[in-house]
1. Taking all protein chains as present, what is the carbon and sulfur share of the accessible area of the stretch 93-140, in % to the nearest whole number, probe 1.4 Å?
2. With θ set to phi - 60°, apply the Karplus curve 6.51 cos²θ - 1.76 cosθ + 1.60 along the stretch 69-79 and write out the HN-Hα couplings as whole Hz, x wherever there is a Gly or Pro.
3. Mind jotting down the distance between the C-alpha centroids of the stretch 95-122 and the stretch 200-263, whole Å?
4. With θ taken as phi - 60° and the coefficients 6.51, -1.76 and 1.60, list the Karplus ³J(HN,Hα) couplings across the stretch 111-122 in order, rounded to whole Hz; mark glycine and proline as x.
5. If you count, for each residue, the other Cβ atoms within 10 Å and average over each peptide, how do 231-243, 71-83, 211-223 line up from highest to lowest?
6. I need the phi-derived Karplus couplings for the stretch 173-184: 6.51 cos²θ - 1.76 cosθ + 1.60, θ = phi - 60°, integer Hz, Gly and Pro marked x.
7. Label the stretch 67-127 by shape, choosing from rounded, prolate and oblate, from the square roots a ≥ b ≥ c of the eigenvalues of the Cα gyration tensor; if a/c is under 1.5 it is rounded, and otherwise prolate applies when a/b is larger than b/c, oblate when it is not.
8. Averaged over all directions, how much area does the convex hull of the C-alpha atoms of the stretch 168-239 cover when projected, in nm²?
Amino acid sequence: MLKLVHATECNPSENPLGRPPTFLQRLVGHPQKSHSGAAILPVATAIVGANGWTNQPYQRSYKSLQHYYGGNANAERVAFMERHTTLVAKKMLVSVEQVSIFLTSCNTVISFFENSADDVEPPILERLGSEHTVLRSSCDASMVVQSIIDAVIDLAFPVIHAYQDTMADLEVNVITSPDIEHTSALYILTSELSLLKQTIAPVVGLINSLRGHKLDPSRRLPGGRVYGVEISEMGKTYLADVEDHCVMMMERLDTMKRGADNM
């Protein structure tokens, strides 16, 4: 998952202030803001468990694009690339996080986000709360999976737009007042565009797997009913739209990378 965040929200050190609040604590509490703008969720009095975890307020700690792929082994390079990222003028960074989605045979969806569930969950819950939406009326777990993947991809669009704006400015500078410093800026730009495509491309493979998924006829319950996880035809149709968005983003990234190479 890709998302545009303020540079102050990324924390490569990965030292959370405590354990994330429970679902019940999230329901009764109201999110506050830290001095960096990252959300802090209030919890009750501090309790330290035997494992060392506490229920102290938890501050989100996003991984930047550079840190996610560079890791701790190349800390010096990661720090340099973060300081000179293409979006540094906007004081923005691209965060990357793992999203896990489980679709079960009992029409249930379980999903996990490292940080951004609050960006994805509310619109889906709102649609489920309305009687007149396809998501509610279908009673189809595979449509919920489609909605989650669609929301994840939607969060990547601002990332693409930010790079397009920054590249347009860089192109003007290269044409009007070329400088040797533009070479390093263009190198960093092409490197980041490659990482963005490397992050989005597997989602296309995921969608193709879901659209091509079929029940195994050899797995049958007593009575003859085939048992397993099923992707509905409606879910496959809507997944095709998400795939179109992914392909469009990758084409834009390819176009930008060719332009940067030419410059």
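The values are calculated or read from the model by the stated rules, or taken from the named source; none is laboratory data. In this text the structure is predicted, and so the values were computed from the model without any measurement. With ideal geometry, Cβ positions are generated from the backbone for all residues, glycine too; neighbour counts draw on all protein chains shown. Please note that ligands, DNA and RNA were not included when accessible areas were found on the heavy atoms of the full protein model with its side chains. Shrake-Rupley method; radii C 1.70, N 1.55, O 1.52, S 1.80 Å.
1. 54
2. Values, residue by residue: 8, x, x, 7, 5, 10, 4, 5, 5, 4, 4 Hz.
3. 16
4. 10, 10, 10, 6, 9, 9, 4, 5, 8, 9, 5, x
5. In descending order of packing, they fall as 231-243, 71-83, 211-223.
6. Taking θ as phi minus 60°, the curve returns 5, 5, 6, 7, 9, x, 9, 4, 5, 5, 4, 5 Hz for the stretch 173-184.
7. It is oblate, given that a/c is not under 1.5 and a/b is not larger than b/c.
8. 7.5
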